[in-house]
Amino acid sequence: MKKVLSTLALCVMLLSAAAQNNADPVIFEIGGKQIHKSQFMKDFLKSIGKDPAAEPTACTYEKRKALEDYVQLYVNFQTKLADAYAMGLDTSKYLLDELGVYRRDLAAPYLIDSATMMSLLREAYERNHFALHAAHILVPCQESASPADTLKAYNHAMELYQKALENPDFYSVAQKEMHDQRIDNIDPLVRDKANEVNPYEGDLGAFTVFDMIYAFESAVYSMQPGQIHTPVRSRYGYHIIKLFDRYPYYGKVQLAHIWVSDQDPNAHGRIKSAYDQLKNGEDFAVVCKNNSDDPGTSKSGGLMPELACNQLPFEYVEAVSKGLKVGEFTEPFRSRFGWHIIKLIKQEPMPDFESLIPYYKSRMTRGERSTRPQHIFIEQCKQKYNFVDYTKVKTSKKKKAPYAASLDAVRAVMTDSVFSAIFNYDSNQITDMRPLFKIGDRQYNSRQFARYFYKHKKVYPICPLDIFVADRYKDFVDAMVLKYADDHLEEDNAEFGDLVDEYRHGLMIFSYNDIKVWGRALRDSAGFEAFYNRMAPTHSYDDTNDAVYFWNHRARVNVVTVADSACLAPAKAVKLVNKAVDKGWGMTDLQSKLNDKVSKKKCTAEEPVTIELQVVEAGNQTLLSKNEWGKGVYAHPMEKGYKILIVEQILQPELKSRDEARGYYLNDYQNYLEEQNNIELRKKYNVVIHQEVIDNITY
């Protein structure tokens, strides 16, 4: 019975293997390595830009030829790759350096949570549809402040929040707070400004997404006009925020404006008069020049540069957001600076989401918004790779026992020098070698933590050392978790692994071709000479494909150039040149005769007459016109002087010499070496192409 069951099991296994082979048959065998149809088709479809999920279409001659051509290219590539690995090119310094740079840049998008990133990008786009006008009161509090100082700052912020709720004038609360902060400041220059009064203390003007730190931005975009937000924590401290207004965002604009300063008692009368002139059809630029108090723009018709909303007074943003159209101007309105009329000159509408993604990503390089996708990714990696923090694991579940590991050993070697980047330590001082944490199969101890901090030391805000060490420990943990994930990207992410392999193989093939083909062709002078001697006699002038190896009809032309007609009259020069041709003078004699005829009084040119021999080829020159393609003398006027062309000989077509056609022969020699190498590689690696599999491919 057991024998029967074993036989049945074997049959099932064989049938299963056969089914798999039928579904994904072997298409090539190269050096004992089997390449399946699925792998080949993945690369082939990518090369022609076709979606692998798309349904096959009708077979045509062109499609069949494209497939067959790619088969040969693919086999050549795979055999070269096998030989490159055999030569150890995958471990060359050139490859490792180049691949390292590429991989580092390529890995960055894979070391964040892409869903969080896309959510933040979409959030930014939705917020970008509005500009806000707000003010705030800041209670300073460093991120590294002690718990006691943090609580003190928070309690004070809550007191201010209550005062702001009770007082309809938010600015007066902000003024009082800034006065008190200046009085308490140890800097005498700041204290001296304590009695300065800003009627709009804390006002932020108009702004939109990315103009404020993320925590502040998120809070204010959650508010409705007139609301005051409970204290919001940022890296600067606690903010009490009041939102005054929310405007539909219109994109970047260019405005022209007329501004009348409120220091003029008749400001309202002047702006009203300017408005009446505009309503009567007067030109905006003229009215602006005669009425505006802005010295920077009044002479240019009030034209301002293209500005975003955070670069404009919020009153301007409000006026534009009410639907002002290009070419229209507003009624007079008042701001804290005086009276204004603005005209919309140009407006760039807000682009669609996809167009703004690159810009948003470039803005998300710092702050909480940029780090959140990575922080979420780190937490996911901790779960995935079984992260354990031994500083937070107790030795006993029944008793409140000490932690299994601690940061005390690192804390003990740190002094206040850590805040000024001059920190140094002796690793032998750290004797506690218990692991602090583990990620996957790696563990890290106090010495490694101290080494990491020393390597990344910089200037930090001063804070209690216990808090400082805890913050740096978190940085260390995050960095090592990211490194572990980075080191395992290829095995965890097939797409990333394919991209790295593709680049690696490309570098290997480049090096391989340089060694076996391109570089060899340049170095092998004897081989190149033999190739030239073998190929040159096979070329025919009558074969259009061989045209590059032959000279067409050519003309030997002595070009006489007279720099200025004042030096020598053209008629005299032509007469002398014709005489030289008739008598068979050499060009040296001709130049001497021409120089003798040069007027010394009228000629100021440094070289009044020059003669140069040129050999020009028919169809590849601009010196001679069609009618001048024969022996003779031809005059050509120039801007100041003239040229006289002496066509002394027409050369018949002939084969170029090796040096004259070196580039073409070198290219042919490289192609020859490539073909020979491909033939040798197919023999060396016993290439087998399963044509029956190829014949059944549809795409």
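The values are calculated or read from the model by the stated rules, or taken from the named source; none is laboratory data. Just so it is clear, the structure is predicted and the values come from calculations on it, not from any experiment. Neighbour counts are summed over all protein chains in view; Cβ atoms, including those assigned to glycine, are modelled from backbone coordinates with ideal geometry. For accessibility, only protein heavy atoms count, side chains too; no ligands or nucleic acids. Shrake-Rupley method; radii C 1.70, N 1.55, O 1.52, S 1.80 Å.
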Please give the number of the condition Gly630 fails out of (1) part of a helix (DSSP H, G or I); (2) loosely packed, with under 11 Cβ neighbours inside 10 Å.
(1)
Among the residues of the stretch 452-485 satisfying the criterion of being surrounded by 16 or more Cβ atoms within 10 Å (Cβ to Cβ) and of a type in the set (D, E, K, R), which is nearest to Leu407 (Cα to Cα)?
Arg472
Looking only at residues that are touching a residue at least 60 places away in the same chain (Cβ under 8 Å) and not in a loop (DSSP other than H, G, I, E, B) in the stretch 567-579, which one is farthest from Gly641 (Cα to Cα)?
Val577
Of residues in the stretch 447-470 being in contact (Cβ under 8 Å) with a residue 40 or more places away in the chain and farther than 17 Å from Ala409 by Cβ, the one farthest from the chain's Cα centre (by Cα)
Pro464
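State which residue is farthest from Met158 (Cα to Cα) when the search covers only the stretch 239-269 and only residues that are small (Gly, Ala, Ser) and out of contact with any helix residue (DSSP H, G or I) (no Cβ under 8 Å at 6 or more places or on another chain). Write out each step before concluding.
Restricting attention to the stretch 239-269, the residues satisfying the condition of being small (Gly, Ala, Ser) are 251, 256, 261, 267, 269.
Filter again for out of contact with any helix residue (DSSP H, G or I) (no Cβ under 8 Å at 6 or more places or on another chain), leaving 251, 267, 269.
Values: Gly251: 36, Ala267: 42, Gly269: 46 Å.
The residue in question is Gly269.
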Selection status of Met117, more than 26 Å from the chain's Cα centre (by Cα) and touching a residue at least 40 places away in the same chain (Cβ under 8 Å):
no
Anything in the stretch 319-342 that is within 21 Å of Arg246 (Cβ to Cβ), modelled with pLDDT of 95 or more and within 40 Å of the chain's Cα centre (by Cα)? List them, or say none.
Ile342
Is at least one residue of the stretch 587-607 open to solvent by less than 80 Å² (accessible area, probe 1.4 Å), farther than 30 Å from Arg662 by Cα and among the β-branched types (Val, Ile, Thr)?
yes
Given the stretch 240-340, what helices (runs of 4 or more DSSP H) lie entirely inside it while holding 2 or more residues that are open to solvent by less than 40 Å² (accessible area, probe 1.4 Å) and touching a residue at least 40 places away in the same chain (Cβ under 8 Å)?
267-279, 314-321
Being loosely packed, with under 14 Cβ neighbours inside 10 Å and closer than 11 Å to Asp564 by Cβ is the filter here; which residues of the stretch 608-618 pass it?
none
Residue among Tyr444, Tyr484 that alone is under 38 Å from the mean Cα position of the chain (by Cα), outside any loop (DSSP other than H, G, I, E, B) and free of Cβ contacts under 8 Å to residues at least 40 places away in the same chain
Tyr444
Please find, among Ala124, Ala215, the residue that is over 24 Å from Lys252 (Cβ atoms), surrounded by 15 or more Cβ atoms within 10 Å (Cβ to Cβ) and touching a residue at least 12 places away in the same chain (Cβ under 8 Å).
Ala215
Picking from Ile697, Ile644, the residue that is among the aliphatic types (A, V, I, L, M) and assigned to a loop (DSSP other than H, G, I, E, B) would be Ile697
